[in-house]
Amino acid sequence: MKTQNGLLLAIAINSLLGITPILAANDNRQTSPSELERQQKEKAQILLRKKEVAKEENIKKNGYYQEAGSYSTKRIPTPPNYVRNLSKTGIESAKDVTWLDVGLETRFRYEYRDNDIRRKTAVVDEPLLIRTRAYFGVKEILDPFRFALEVQDSRRYNSQFDTDVRDVNEFELISGYGELYFKNAFGKDDLGNARPFNFKAGRFNFEFLDRRLIGANEWRNTTNTFQGFQSALGSEKNDWQLDLLALQPLERLKYQWDIPVDEQWFSAAIGHWRKWRDIITLEPYYMALRQDAAAKNSFVAKDIHATALRGYAWVGDTGLNYDFDVIYQFGTNNGQAHDAYGYTTEIGYTFEHDWKPRLSASYGYASGDENPNDNTDNRFERFFGFARPWSADDYIVFENVSAPKIRLEFAPSKKFRGDIGYGWYWLASATDRFNNLNTVPDSKGLNRDKTGKSGDYLGDSIDFRLRYKIDPRIETTFGYSHFNTGEFVQNIQDRSQGRHVDGSDFFYLEITLNAFK
């Protein structure tokens, strides 16, 4: 009895110390296979429940919408990311002001460019780019009427080259519109999300689809802007949505107010079908660019149409995701028939690891003009897309290109994330141009060999980027890219500059400051 009481006391003491009583009673005894199996099942059930809860929370927050997850295709929302609702800024006197959105952000970027192939002269350039934005938007309190204003000031210092509108656009209204918003115009979807209707008129900067054809060009110091009309049936949370655009692009001016390009009209109809999001989200769309001949555009008339389909999804809980976009273009360009096409595809896998590493492979293609002496233009029209997904150094654009790439993304914490990639680049047609070669800021620089004898290999590059959020108001980004020039670049540089470079280097350090958490 005394021995039994002693054993019970020992077990109790060991339990308080966190030692398994069974092991304390017999240190040499191993956990039984059935116990291990039970523990593994419990762990699997906990992980499964966590995923289910995360999925439920995602549906509650985003409805039918699911982010594609492909590299650098996440759109800037409206209002943009730096904007906060005034009630959530921490200002005590404004805690009930839910109808006002405000934002103030400044971005500083130091660049080091050695042998920049966009320039006609191979030198070291160290520009400092500064961009400041402010936003003011009113919603709900005056419904159905809403409005928003956003101004931006873009400047460049310490460069060896003349300023241009890629970097300089001082104090500009980049968004200013009035909106009619009807929250329950089309009832509700199966998840109970209101299906609204809105109509906007004014000045816009926004992004659609994967940003490759309509993008604000967030990386660049200046922004793509438009003037005209925008309407939407439904919202991102709904199972279906239709966006309608009728716009004139704005000509950026360095020191004056931007003005509409009177000769151009751009229109689009973009559909979104999210009902099958667990298998695929479909985005069929149509775009058209009409340009009347005028002195400003060297009397080049255009009437280019594009029909396309984008599709993407995450494949269950496998960690696999995919994204594709197929575009066909037709019409007329400068008196020639326009017949061009382009496509992009990406497959990625996210590993089960705390760092959430994602390994992806992608391929992008845009046709180039096959024969400069016929009456057909095959050069793909990239409309108003941006270049960042194609190359970190801003060399490659969605035009006359064949580009495979591999990339690894990782996020060790919520504050720290990074990615590294390697890409290879060819001309789709050796007789057409390499858009950005020798053409910044002079668009007439030599960048084409109509004979095709200069080759088609542009080069290959490695790049990496590290981003760290010091606190909710401050984020830093450090990046590097090295580009090895190919035969086409070297041959064209030999002809235009009398020499060529074997490669170029690009470093940058970026600091973004937000006025609000």
Query raised in the report: Checking VAL83 against (1) touching a residue at least 40 places away in the same chain (Cβ under 8 Å); (2) farther than 30 Å from VAL489 by Cα; (3) surrounded by fewer than 16 Cβ atoms within 10 Å (Cβ to Cβ); (4) not basic (Lys, Arg), which test does it fail?
Result: (3)
Query raised in the report: Would it be correct to say that TYR349 is over 18 Å from GLY421 (Cα atoms) and surrounded by 14 or more Cβ atoms within 10 Å (Cβ to Cβ)?
Result: no
Query raised in the report: Does GLN497 count as without any contact (Cβ under 8 Å) to a residue 24 or more places away in the chain and not basic (Lys, Arg)?
Result: no
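Residue by residue, here is whether (1) more than 22 Å from the chain's Cα centre (by Cα); (2) surrounded by 15 or more Cβ atoms within 10 Å (Cβ to Cβ) holds:
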position	(1), (2)
GLY479	no, yes
VAL489	yes, yes
GLN493	yes, yes
ALA515	yes, no
Requested in this report: Hey, could you check the stretch 149-168 for residues that are part of a strand (DSSP E or B) and under 14 Å from ASP125 (Cα atoms) and say which is nearest to the chain's Cα centre (by Cα)?
Outcome: ARG156
Query raised in the report: Would the stretch 173-185 turn up any residue that is under 30 Å from TRP240 (Cα atoms), among the basic types (Lys, Arg) and surrounded by fewer than 16 Cβ atoms within 10 Å (Cβ to Cβ)?
Result: yes
Report task. Just one of (1) part of a helix (DSSP H, G or I); (2) closer than 25 Å to ASN193 by Cβ; (3) charged (D, E, K, R) trips up GLU67, so point out which. Result -> (1)
Query - Some residue of the stretch 207-228 being assigned to a strand (DSSP E or B), within 30 Å of GLY311 (Cβ to Cβ) and free of Cβ contacts under 8 Å to residues at least 40 places away in the same chain - result: yes
**Report entry** Lone qualifier among ASP354, ASP369 - being outside any strand (DSSP E or B), of a type in the set (D, E, K, R) and surrounded by 20 or more Cβ atoms within 10 Å (Cβ to Cβ)
**Finding:** ASP369
Query raised in the report: With respect to ILE396, is the statement that it is touching a strand residue (DSSP E or B) at 6+ places or on another chain (Cβ under 9 Å) and surrounded by fewer than 18 Cβ atoms within 10 Å (Cβ to Cβ) true?
Result: no
Query raised in the report: Considering the stretch 291-311 alone, what residues qualify as being surrounded by fewer than 16 Cβ atoms within 10 Å (Cβ to Cβ) and assigned to a strand (DSSP E or B)?
Result: ASP303, THR307, LEU309
Requested in this report: Name the single residue, out of those in the stretch 249-268 being touching a strand residue (DSSP E or B) at 6+ places or on another chain (Cβ under 6 Å) and in a loop (DSSP other than H, G, I, E, B), that is surrounded by the fewest Cβ atoms within 10 Å (Cβ to Cβ).
Outcome: TYR255
Query raised in the report: Mind checking which residues of the stretch 120-148 are part of a strand (DSSP E or B), of a type outside the set (Phe, Trp, Tyr) and surrounded by fewer than 19 Cβ atoms within 10 Å (Cβ to Cβ)?
Result: VAL124, ASP125, LEU128, ILE130, THR132, ALA134, VAL138
Query raised in the report: For the stretch 420-429, does any single residue satisfy the condition of being at pLDDT below 95, out of contact with any helix residue (DSSP H, G or I) (no Cβ under 7 Å at 6 or more places or on another chain) and over 16 Å from GLY364 (Cβ atoms)?
Result: no
**Report entry** From ASN297, ASN221, ASN217, residue being modelled with pLDDT under 95 and within 22 Å of the chain's Cα centre (by Cα)
**Finding:** ASN217
Query - Output for the stretch 449-469, where each listed residue is over 15 Å from PRO412 (Cβ atoms) and part of a strand (DSSP E or B) - result: TYR457, LEU458, GLY459, ASP460, SER461, ILE462, ASP463
Query - Criterion (assigned to a strand (DSSP E or B) and free of Cβ contacts under 8 Å to residues at least 60 places away in the same chain) met by exactly one of THR332, THR344, THR318 - result: THR332
Query - Cβ pairs under 8 Å, 6+ apart, first in the stretch 149-163 and within 24 Å of GLY178 (Cβ to Cβ) and surrounded by 17 or more Cβ atoms within 10 Å (Cβ to Cβ), second at pLDDT 95 or above and of a type in the set (Lys, Arg) - result: GLU150/ARG133; GLN152/ARG131; GLN152/ARG133
Requested in this report: Answer yes or no: is there a residue in the stretch 95-102 that is within 18 Å of LEU149 (Cβ to Cβ), part of a strand (DSSP E or B) and not acidic (Asp, Glu).
Outcome: yes
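The values are calculated or read from the model by the stated rules, or taken from the named source; none is laboratory data. Since this is a predicted model, take the numbers as computed values, not measurements. Positions of Cβ are generated from backbone atoms using ideal geometry, with glycine treated the same way; all protein chains shown enter the neighbour counts.
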